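S.K.: Once you've had a glance at the structure underneath, I'll fire off some questions.
Just so it is clear, none of the values below were taken in a lab; they were calculated from the coordinates. Predicted model only: the values in this text are computed from it and were never measured. Cβ placement follows ideal geometry from the backbone for every residue including glycine, while neighbour counts extend to all protein chains displayed.
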Amino acid sequence: MEELRTLPGIGPYTAAAIASIAFGVSVAALDGNVARVLSRLHAIPGDPRKGASRASVEAAAAAFLNRRLPGDHNQALMELGALVCLPRSPRCEACPLARDCRALASGRPEAFPASRPRKPTVSVRLAAGLARRRGRVVLVEDAILVPGHLVVPLVEVATGADAGKTLSAAWPGLAGRPAARLTPAGTVRHAVLERRYSIEVFEVTEESATSRVPRRRATPGTGLRLLLHEELAREPRGGLLRKILALNAPGSDAAGSSRRGRSRRGPAPPKPPGG
């Protein structure tokens with residue numbers, strides 16, 4: 001578990017799922033579906049993500065774990081929550097745990113776990129730059145959406161501001177080299193939890209390395225990387241990068257995007273299995 005947690009993008013649940021399913025480690029994998037099943041089975045009040053409720057759910061998960069077949073056990077609970085113990089209108093008549101379910105016995109299975117108040121939706125406007133050096137895509141470590149994932153350089157754009165000018169001014173600090181020209185490529189939409197992003201994408205032609213225009217170091221922590229398309233499949237990245245690269249693929253449109261330019265570049269990298 002400790003070794004898995006050192007990998008980029010691997011949190012407690014994913015590490016437990018991999019450890020139990022792939023390596024047979026006796027550890028409970030606790031996702032939202034499993035937490036709902038156990039909250040109802042034991043009638044645990046409160047939000048299973050926080051405080052005493054979380055501790056109770058974690059203890060219940062560990063006690064209930066089949067340590068001989070932890071991978072099968074975890075997958076069974078995940079499926080039970082996904083297909084039977086639904087957030088709304090649970091199919092209690094089909095549940096193999098119905099006889100022992102305290103929430104069902106109370107007559108209010110949907111009261112567990114406690115419903116969480118929805119956070120208000122927040123709209124965020126970004127500008128993204130797609131540039132290449134020596135045939136490689138210029139990428140940085142994401143500091144806005146999912147920290148640690150690779151993405152093209154991004155900058156937040158103020159209301160009423162010009163996205164291209166904002167990106168051009170920020171580009172030396174983001175990528176370590178001035179931008180010579182920005183060409184609009186399209187707009188993509190993306191959501192992370194309650195945040196709704198509108199990302200205006202530009203193809204960036206940079207000043208050459210031999211240009212007399214002063215170069216600046218990229219901002220510390222940006223993790224500047226230059227990768228070939230085929231190398232991206234081995235790196236931690238999210239759906240936003242796929243959408244942005246799809247704008248650059250001839251004859252294709254990204255989901256939720258409006259195409260404004262056409263590129264002669266190569267296609268986006270293939271989507272990994274399960275990704």
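S.K.: Given 0.36 nm per residue, what is the gain on full extension from ALA180 to ARG136 after removing their alpha carbon distance, in nm?
M.R.: Values: separation 44, 0.36 × 44 = 15.84 nm, distance 1.77 nm.
Between ALA180 and ARG136, full extension yields an extra 14.1 nm.
S.K.: To make sure I understand, if each residue's beta carbon is the centre and we count other beta carbons within 10 Å, what order do SER26, SER123 fall in, fewest to most? Each step should come with its number before you reach the end.
M.R.: Values: SER26 15, SER123 9.
Least crowded to most crowded, the residues run SER123, SER26.
S.K.: Tell me what the chain gives for mean residue ellipticity at 222 nm when only DSSP H runs of n ≥ 4 count, each as -39,500 (n - 2.57), the sum divided by the residue total, rounded to 500 deg cm²/dmol. List each step's numbers first, then the result.
M.R.: Details: 8 runs with 80 residues, N = 275.
After summing the helix terms and dividing by the residues of the chain, the value is -8500 deg cm²/dmol.
S.K.: Another question, if that's okay. Considering the dipole of region 2-111 built from charges on the beta carbon (Lys and Arg +1, Asp and Glu -1) around the Cα centre, which of ASN33, GLN75, GLY51 is farthest to its positive end?
M.R.: The Cα lying farthest towards the positive end belongs to GLY51.
S.K.: For helix 32-41, report the angle its Cα long axis makes with the longest principal axis of the Cα atoms of the chain; keep it between 0 and 90° and round to the nearest 10°.
M.R.: Computed tilt is about 20 degrees.
S.K.: Let me ask you something else. Spin-label point model (7 Å from Cα, Cβ direction): what's the ARG49 to PHE64 distance in nm?
M.R.: Spacing of the two 7 Å Cα→Cβ label points: 2.0 nm.
S.K.: Still on this structure: State the extension gain, in nm to one decimal, for the chain segment bounded by GLU110 and ASP31, taking 0.36 nm per residue of separation less the distance between their alpha-carbons.
M.R.: 26.7 nm
S.K.: Now for a different question. Against the 2.2 N^0.38 Å scaling, with N counting residues, where does region 1-145 land? I'd like the Cα-based Rg ratio to two decimal places. Let's see the in-between values first.
M.R.: On the way: Rg = 19.4 Å, N = 145, 2.2 N^0.38 = 14.6 Å.
So the Cα radius of gyration is 1.33 times the expected 2.2 N^0.38 Å.
S.K.: Calculate the dipole size of the chain relative to its Cα centre from +1 charges on Lys and Arg beta carbons and -1 charges on Asp and Glu beta carbons; express the result in debye to the nearest 20. Mind dumping the intermediate values first?
M.R.: Numbers: 42 positive and 23 negative charges, 166 e Å.
Using only the charged Cβ atoms, the result is roughly 800 debye.
S.K.: List the aspartates and glutamates whose Cα sits under 15 Å from the Cα of LYS165, skipping any in the same chain fewer than 8 residues away.
M.R.: Leaving aside aspartates and glutamates fewer than 8 places away in the same chain, those within reach of LYS165 are GLU156, GLU200, GLU203, GLU206.
S.K.: While we're on this one: With point charges of +1 on the Cβ of Lys and Arg and -1 on the Cβ of Asp and Glu, referenced to the Cα centre of the chain, which listed residue (CYS95, ALA180, ALA246) lies farthest in the positive direction of the dipole?
M.R.: Projecting each Cα onto the dipole axis, the largest value belongs to ALA180.
S.K.: Provide the descending list of Cα extents for the chain along its principal axes, expressed in whole angstroms.
M.R.: Sorted largest first, the three principal extents are 75, 40, 36 Å.
S.K.: Based on other C-beta atoms within 10 Å, arrange ILE144, ILE18, ILE244 from fewest to most.
M.R.: ILE144, ILE18, ILE244
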